[in-house]
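Inspection log for the structure reproduced underneath, given as structure tokens.
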Amino acid sequence: MARNPIPRRAALYDNTRLTDYKTCPRKFYFLHERNWRPDIVRLPLVFGEAWHSAMDAIWRSAPAAISDDECTANGFKEFQRIWTERGALVADPLETGRRSEPRTPDTALEMLFHYVKERRAFLRNIELLAVEQPFAVPLKEDKSLFYVGVLDKVFKHEGRIYIGEHKTTSMYRKNGPFADTFLESFSPNSQIGGYLYAGKVLYGADLKAVWIDAALVHMEVHDAFRWIPVEVAFEQIDAWLWEAHQWIEWASSEKATLRRSRVKRAKRLYHDADPYMACYPRNTKSCIDFNTTCAFLDICKTCSNPDALEAPPLSFKIEPWNPLDRVD
């Protein structure tokens, strides 16, 4: 694939930035304008990242002349590496609000053992084209706006190209084993729509679908895996593109308003802050989502104009999010 350099002044968006803005514009402001992030270990995110690294190792080594146990060991070694690097070893399950936390290395090892047993024959019969494939595709013909990200896997199966996306979930249903709400959450889905758009740009008519490689994380059930196919529908890709432009336009408008308010404040004699921040409105329906409290809730409760705060609270750290960090 030929290089297609990103112009220096191009605006960059990825699924994380779009999702954060759609969830709550004020949350987007904290995360992507102030670069404030909770200074905590979040087990679901760490487990998911460690699982992705384990999948990379297993998909690469599955065709090799090694035993299933060796293939599993390759995956678990990568899982432990990420688990340790992200500090999950010191996380107290009681602090997560769950006395029975399934996201542990022991659970991951059991899951990886069963995953290799179930998937290895399939992995030997595909052509693995890419692992962690970065992409940057233009959203406008003038290349002033780019959508960037990483495809977990790209593989060829029966003459067509597929994008593989690994997902872990604890959403369990007896005799399911996956909850219906989880299975139905991928269409429509902005992340998957973005992958289909990028895949269409990169691979054209050879792209067949995105396959979600779902894995259940459960205290007792360790062998629940399922492919969830999302087929290419070009009219849906066009709809995703229009919606992406709409959300980006709104986010850009908020940024322009914030910039103007800062200029006005700088011109005042005493640089007094406005009594409230007249941009990036709060979506109060997202303060508590899936029984999880937003990390910025206390700030929103106590500060009507957080742009006047010079530094984040003690429980936060400054950590910029750059969509290009994982893109070559």
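The values are calculated or read from the model by the stated rules, or taken from the named source; none is laboratory data. Because the structure is a prediction, the values reported are computed rather than measured. We place every Cβ from the backbone using ideal geometry, glycine too, and count neighbours over all the protein chains shown. Remember, those area values only see protein heavy atoms, side chains included, never the ligands or the DNA or RNA. Shrake-Rupley method; radii C 1.70, N 1.55, O 1.52, S 1.80 Å.
FRET efficiency for Cys303 and His245, Cβ-Cβ distance as r, R0 = 30 Å, nearest 0.05? Could you put the intermediate results ahead of the total?
Details: r = 32 Å, r/R0 = 1.07.
Working from the Cβ atoms, E equals 0.40.
For Ser100, the solvent-accessible surface computed with a 1.4 Å probe is close to 80 Å², ligands and nucleic acids excluded. Measuring how big the range 170-214 is from its alpha-carbon positions, Rg and Dmax come out at 13.4, 40 Å. With every protein chain in place and a 1.4 angstrom probe, the accessible-area ranking of Phe47, Phe234, largest first, reads Phe234, Phe47. Think of a 1.4 Å ball rolled over the protein heavy atoms: the range 110-168 then has 42 Å² of accessible area per residue.
The radius of gyration of the Cα set in the range 176-292, together with its Dmax, comes out at 21.4, 66 angstrom. Residue order by solvent-accessible surface for Glu184, Glu310, Glu319 is Glu310, Glu184, Glu319, largest first, with ligands and nucleic acids left out and a 1.4 Å probe. For the range 219-307, the solvent-accessible area with a 1.4 angstrom probe is 70 square angstrom per residue.
Between Arg173 and Arg9, the FRET efficiency estimated from the beta carbon spacing at R0 = 56 angstrom works out to 0.70.
Estimated at the nearest 10 Å², the accessible area of Arg34 is 40 Å² with a 1.4 Å probe. Summary of packing: across the peptides 138-144, 126-132, the per-residue average of other C-beta atoms within 10 Å ranks them, highest first, as 126-132, 138-144.
Shape of the chain from its Cα gyration tensor (a ≥ b ≥ c, root eigenvalues): rounded if a/c is under 1.5, otherwise prolate when a/b > b/c, or oblate? Oblate, since a/c reaches 1.5 and b/c is not below a/b. Shape call for the range 238-283 from the C-alpha gyration tensor, a ≥ b ≥ c root eigenvalues: rounded (a/c under 1.5), prolate (a/b greater than b/c) or oblate? Judged from the Cα gyration tensor, the range 238-283 comes out oblate (a/c at least 1.5, b/c at or above a/b).
Loop only by DSSP, 13 or fewer other Cβ within 10 Å of the Cβ. Give me the trypsin sites (Lys or Arg not before Pro) in the range 237-328 that pass, ordered by residue number.
Values: sites: Lys255, Arg259, Arg260, Arg262, Lys264, Arg265, Lys267, Arg268, Arg282, Lys285, Lys301, Lys317, Arg326; in loops: Arg268, Arg282.
Answer by residue number: Arg268.
Overall, the accessible surface of the chain at a probe of 1.4 angstrom is composed of carbon and sulfur to the extent of 50 percent.
Can you bin the range 51-174 into rounded, prolate or oblate? Criterion: square roots of the alpha carbon gyration tensor eigenvalues sorted a ≥ b ≥ c, rounded for a/c under 1.5, prolate for a/b above b/c, oblate for the rest. Please report the intermediate quantities before stating the final value.
Values: a/c = 2.11, a/b = 1.24, b/c = 1.69.
The shape class here is oblate.
If the chain linking Tyr276 and Glu310 were pulled fully straight, counting 0.36 nm for each residue of separation and taking away their Cα-Cα distance, it would gain 10.7 nm.
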